[in-house]
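> Next up is a structure, given as structure tokens.
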Ligand code: ADP
Ligand code: MG
């Protein structure tokens with residue numbers, strides 16, 4: 001009869017890492033979400049060899065108290081929620097306290113941080129197995145830098161699933177774009193192997209926000225889309241919906257955010273499809289960058305570890321509002337009308 005024993009923290013983290021850390025792109029998602037949760041206004045991302053060799057995310061957010069640095073790398077350690085009730089209205093992107101623990105268990109990770117007014121920055125380093133990180137002084141302005149080297153160096157089975165540098169980088173770039181669209185007010189800079197790939201300044205005005213959408217989605221999308229902004233019963237929907245003439249053969253230009261969080265949701269997809277039903281040819285996919293805002297208490301984001309799914313308390317109302325808003329916008333765009341000129 002096999003004996004029962006507790007998993008070592010290291011093994012438990014590596015198993016948990018399987019859920020959230022699939023490839024460099026998933027690491028970047030977690031690191032960027034942490035930077036945004038920390039109130040960063042500027043995020044610099046440096047990537048080498050598709051992110052397998054190096055991922056570095058540097059932000060100017062609130063930083064981490066030196067006493068908390070080792071804790072930041074522990075599992076189920078978070079500064080974002082305290083009790084179950086907090087989940088009801090969680091406004092941060094993270095809250096599970098899993099990401100840094102998971103990533104650090106499958107890479108060589110360095111976390112450097114300085115808080116407001118501190119004379120000194122502090123740093124912790126871990127190398128996969130090391131669960132007792134050492135804290136040492138370092139130089140860093142207010143904010144945090146997380147450096148992740150040699151992803152999956154100690155989990156060769158996982159490493160084998162990584163694709164080419166080019167493929168891994170394109171997944172990673174897509175993640176940066178998604179997050180860059182969710183926060184127009186934050187500057188994002190992405191470099192790959194030393195070369196600038198995205199340089200997005202913080203947008204101060206609507207025209208600058210449009211420019212960011214054009215940088216990320218291509219100028220043609222902005223030129224051939226309708227800008228909408230509609231509100232009903234505590235729900236707001238705003239953003240850009242591509243004209244039927246700007247449809248795609250793949251569903252690859254579809255961004256839908258709920259309270260700033262990118263989601264992929266059957267209900268949302270259905271409402272959008274219905275709205276476009278009469279104006280799109282079969283097999284074509286609509287294009288959109290849409291933001292829905294509603295009371296966090298009526299939407300559950302704690303459905304899945306990657307948090308791509310949500311559950312609406314009143315899904316019928318959300319569906320109707322989405323469908324009718326988009327349907328109306330598309331119907332008002334009569335044939336022959338030219339779309340609003342891009343600025
Ligand atoms: P979660 O984001 O779910 O709380 P993480 O493992 O991603 O869990 O991060 C653990 C904790 O480390 C966070 O709750 C936060 O307090 C801190 N942290 C991580 N990254 C940053 C950052 N870039 N700036 C400030 N604090 C951070
Ligand atoms: Mg996090």
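> Applying the selection to the stretch 132-174, what residues are assigned to a loop (DSSP other than H, G, I, E, B), within 16 Å of ligand 1 (Cβ to nearest atom) and surrounded by fewer than 17 Cβ atoms within 10 Å (Cβ to Cβ)?
Hits for the stretch 132-174 are 141, 142.
> Which pairs do you get when a residue that is free of Cβ contacts under 8 Å to residues at least 60 places away in the same chain, found in the stretch 91-106, comes within reach of a residue that is assigned to a helix (DSSP H, G or I), reach meaning Cβ atoms under 9 angstrom, with the pair 6+ apart or on two chains?
Final answer for the pair search is 92/33; 92/36; 92/37; 97/72.
> If only one of 100, 93, 109, 71 is assigned to a helix (DSSP H, G or I) and either crowded, with 19+ Cβ neighbours inside 10 Å or in contact with a strand residue (DSSP E or B) (Cβ under 9 Å, 6 or more places away or on another chain) (or both), which one is it?
100
> Name, by its number, the condition in (1) at pLDDT 90 or above; (2) closer than 22 Å to residue 28 by Cβ; (3) more than 9 Å from ligand 1 (Cβ to nearest atom) that does not hold for residue 116.
(2)
> I've got another one for you. Return yes when residue 49 is touching a residue at least 24 places away in the same chain (Cβ under 8 Å), more than 12 Å from ligand 1 (Cβ to nearest atom), in contact with a helix residue (DSSP H, G or I) (Cβ under 6 Å, 6 or more places away or on another chain) and under 26 Å from residue 156 (Cα atoms) and no when it is not.
Answer is yes for this residue.
> Given the conditions (1) surrounded by fewer than 18 Cβ atoms within 10 Å (Cβ to Cβ); (2) assigned to a strand (DSSP E or B); (3) more than 18 Å from the chain's Cα centre (by Cα), report the number of the one that residue 198 does not fulfil.
Answer for residue 198: the failing condition is (3).
> Right, here's the next one. Looking at the stretch 1-17 only, could you name the residues that are surrounded by 13 or more Cβ atoms within 10 Å (Cβ to Cβ) and either at pLDDT 90 or above or away from ligand 1 (no atom under 13 Å from the Cβ) (or both)? Can you show your working first?
Keep residues of the stretch 1-17 that are surrounded by 13 or more Cβ atoms within 10 Å (Cβ to Cβ), which gives 9-10, 12-14, 16-17.
9, 10, 12, 14 - these are the residues of the stretch 1-17 that are surrounded by 13 or more Cβ atoms within 10 Å (Cβ to Cβ) and either at pLDDT 90 or above or away from ligand 1 (no atom under 13 Å from the Cβ) (or both).
> Exactly one of (1) within 15 Å of the chain's Cα centre (by Cα); (2) near ligand 1 (Cβ under 9 Å from one of its atoms) is unmet by residue 27. Its number?
(2)
> Is there a residue in the stretch 78-86 that is over 16 Å from residue 183 (Cα atoms), more than 12 Å from ligand 1 (Cβ to nearest atom), touching a residue at least 40 places away in the same chain (Cβ under 8 Å) and part of a helix (DSSP H, G or I)?
Residues of the stretch 78-86 over 16 Å from residue 183 (Cα atoms): 78-86.
Applying the additional criterion that residues be more than 12 Å from ligand 1 (Cβ to nearest atom) yields 83-85.
Of the ones still in play, those that are also touching a residue at least 40 places away in the same chain (Cβ under 8 Å) are none.
Checked the stretch 78-86: no residue is over 16 Å from residue 183 (Cα atoms), more than 12 Å from ligand 1 (Cβ to nearest atom), touching a residue at least 40 places away in the same chain (Cβ under 8 Å) and part of a helix (DSSP H, G or I).
The values are calculated or read from the model by the stated rules, or taken from the named source; none is laboratory data. Being a predicted model, the structure only gives us computed values, none of them experimental. Quick reminder, even Gly has a Cβ in these numbers, built from the backbone with ideal geometry, and neighbours come from all protein chains shown.
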